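Enquirer: Can you keep this structure in mind? I'll have questions shortly.
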Amino acid sequence: MQMGVSCDLYNGFWYVSALNIGPVYDNSLRCTRSAEFTHHLFMLKHLRKLSFFNCFFSPHQKPVRIPTSNWEKFTESLESLEFRSNPGLIGTIPTSFGYLKSLESLVLLENGLTGELPQEMGSLVNLRRLVLGGNKLFGQIPSSFGGLKELLILDLSMNKLSGSLPWTLGNLTSLLKLDLSNNMLEKELPSTIGSLKNLTLMDLGRNNFSGGLVQSLQGMVSLKEMVMSNNPLLGGNLNGIQWQNLQNLEFLDLSNMGLTGNIPESMTELKRLRFLGLNNNNLSGSPSPRLASLPCISALYLYENDLAGKLEFSEGFYRKMGKRFGAWNNPNICYQAELMLSTSNVPHGVKPCKQERD
């Protein structure tokens, strides 16, 4: 039996309901080197799932484009459409995907697709998963995406998207995962982002955002993982946010963001925090000793800042953390040598405080 084809009964007749092409299993349907689309595909009128994995190999010798027409024939039937790992799949995302009103999952991951995101995709109101990562898509994120009210996963990472985030993203209140990392997105974050109260993962890292962190972030009470790192123009400080509201936060990476000011005391109330990255900023002041008392903390990176004063952490903390604690390249910071029994636990790259003489 060939893996990759499923059939279902409709009105007493068998029809193809799922077609998965590509080397998923040993006996899967394989693509030939000269694979291309034909109109026969659209004659499968009860097709619910269509997937092409590792099928179209070469963007130079044998590039293939997604057909632009006939998708309306799948309006009532198609629920899942996936193109994964097809470097030879080039061209734009067809606007006619907007006809796929029954679609719940659209995954176009790691292909060679270019062009802008079609406004028409905003009419796919049953979508729960939209993954377009790892292509060469450019232009702005359409405001029409705010109509995808059922969306649980939105991943547009690793493209060349630019412009500002549409304020309509705040309408996606069912969203669990938002990954827009590794693009060229810019300008201020919309305050409506705080409406995403079910979001557990947000990665906006490696972009060109500016204007500081918006206060409404403190409303994202379900967040477990927030990555804003490598937005060197973002700037601002950390004091405008009541961090203690984000009690589910486990992973917080705010490195290389041009941050100034001190590390707020409210960050020491994040009882589930495992990872805190504040390195490569312009943070000043003295770190709170309560940071070491975070019950779950296993990585704390404060290096490459302007922090000053004494590090009031215990030797036991330095021993537990090892290389997962970093405070080097803060010229005005020092550790309390009199609290250390062993030189093997001293924090790397931090000088001892000068002993005060009587």
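Enquirer: How many of the residues making up the range 165-181 are farther than 15 Å from L201 by Cβ and assigned to a loop (DSSP other than H, G, I, E, B)?
Expert: 3
Enquirer: Quick check on the range 239-254. Is at least one of its residues open to solvent by 10 Å² or more (accessible area, probe 1.4 Å), among the charged types (D, E, K, R) and under 22 Å from K323 (Cβ atoms)?
Expert: Yes: the range 239-254 contains one or more residues that are open to solvent by 10 Å² or more (accessible area, probe 1.4 Å), among the charged types (D, E, K, R) and under 22 Å from K323 (Cβ atoms).
Enquirer: Just one of (1) crowded, with 16+ Cβ neighbours inside 10 Å; (2) acidic (D, E); (3) assigned to a loop (DSSP other than H, G, I, E, B) trips up E186, so point out which.
Expert: If we test E186 against (1) crowded, with 16+ Cβ neighbours inside 10 Å; (2) acidic (D, E); (3) assigned to a loop (DSSP other than H, G, I, E, B), just (3) comes out false.
Enquirer: Follow-up question, since we're still on this one. Under 6 Å between Cβ atoms, which residue pairs at least 6 apart in sequence (or on different chains) link something in the range 224-237 that is among the hydroxyl-bearing types (S, T, Y) with a partner that is open to solvent by less than 70 Å² (accessible area, probe 1.4 Å) and part of a strand (DSSP E or B)?
Expert: S229/D253
Enquirer: What number goes with the only condition from (1) over 30 Å from Q244 (Cβ atoms); (2) at pLDDT 95 or above that C296 does not pass?
Expert: (1)
Enquirer: Right, another one. When you check M257 against the structure, is it in contact (Cβ under 8 Å) with a residue 24 or more places away in the chain and either among the aromatic types (F, W, Y) or part of a strand (DSSP E or B) (or both), yes or no?
Expert: No, not satisfied.
Enquirer: Right, next: Could you run through the range 261-298 and say how many residues are of a type in the set (S, T, Y) and in a loop (DSSP other than H, G, I, E, B)?
Expert: Number satisfying all stated conditions: 4.
Enquirer: Would you mention how many residues in the range 82-97 are outside any loop (DSSP other than H, G, I, E, B) and either touching a Cys at 6+ places or on another chain (Cβ under 7 Å) or surrounded by 20 or more Cβ atoms within 10 Å (Cβ to Cβ) (or both)?
Expert: 5
Enquirer: Determine whether the range 72-82 contains at least one residue that is within 22 Å of the chain's Cα centre (by Cα) and among the hydrophobic types (A, V, I, L, M, F, W, C).
Expert: Yes, that holds for at least one residue.
Enquirer: Which of (1) farther than 21 Å from S298 by Cα; (2) modelled with pLDDT of 95 or more; (3) not charged (D, E, K, R) does G240 not meet, given it meets every other one?
Expert: G240 satisfies all of (1) farther than 21 Å from S298 by Cα; (2) modelled with pLDDT of 95 or more; (3) not charged (D, E, K, R) except (2).
Enquirer: Now for a different question. Quick check on the range 299-332: of everything there that is assigned to a loop (DSSP other than H, G, I, E, B) and of a type in the set (A, V, I, L, M, F, W, C), which residue is nearest to the chain's Cα centre (by Cα)?
Expert: L302
Enquirer: Here's another thing I want to ask about it. Taking S102 as the residue in question, decide whether it is touching a Phe, Trp or Tyr at 6+ places or on another chain (Cβ under 9 Å), more than 24 Å from S157 (Cβ to Cβ), assigned to a loop (DSSP other than H, G, I, E, B) and among the hydroxyl-bearing types (S, T, Y).
Expert: yes
Enquirer: Looking only at the range 190-226, how many residues end up being in a loop (DSSP other than H, G, I, E, B), aliphatic (A, V, I, L, M) and over 21 Å from P264 (Cα atoms)?
Expert: Result for the range 190-226: 3.
Enquirer: Here is a follow-up. State the number of residues belonging to the range 325-357 that are loosely packed, with under 12 Cβ neighbours inside 10 Å and not polar (S, T, N, Q).
Expert: 6
Enquirer: Also: So which residues in the range 174-222 are of a type in the set (A, V, I, L, M), under 14 Å from the mean Cα position of the chain (by Cα) and more than 21 Å from N256 (Cα to Cα), if there are any at all?
Expert: Within the range 174-222, L175, L176, L199 qualify.
The values are calculated or read from the model by the stated rules, or taken from the named source; none is laboratory data. Predicted model only: the values in this text are computed from it and were never measured. Backbone-built Cβ (ideal geometry, glycine too); neighbour counts: all protein chains shown. For accessibility, only protein heavy atoms count, side chains too; no ligands or nucleic acids. Shrake-Rupley method; radii C 1.70, N 1.55, O 1.52, S 1.80 Å.
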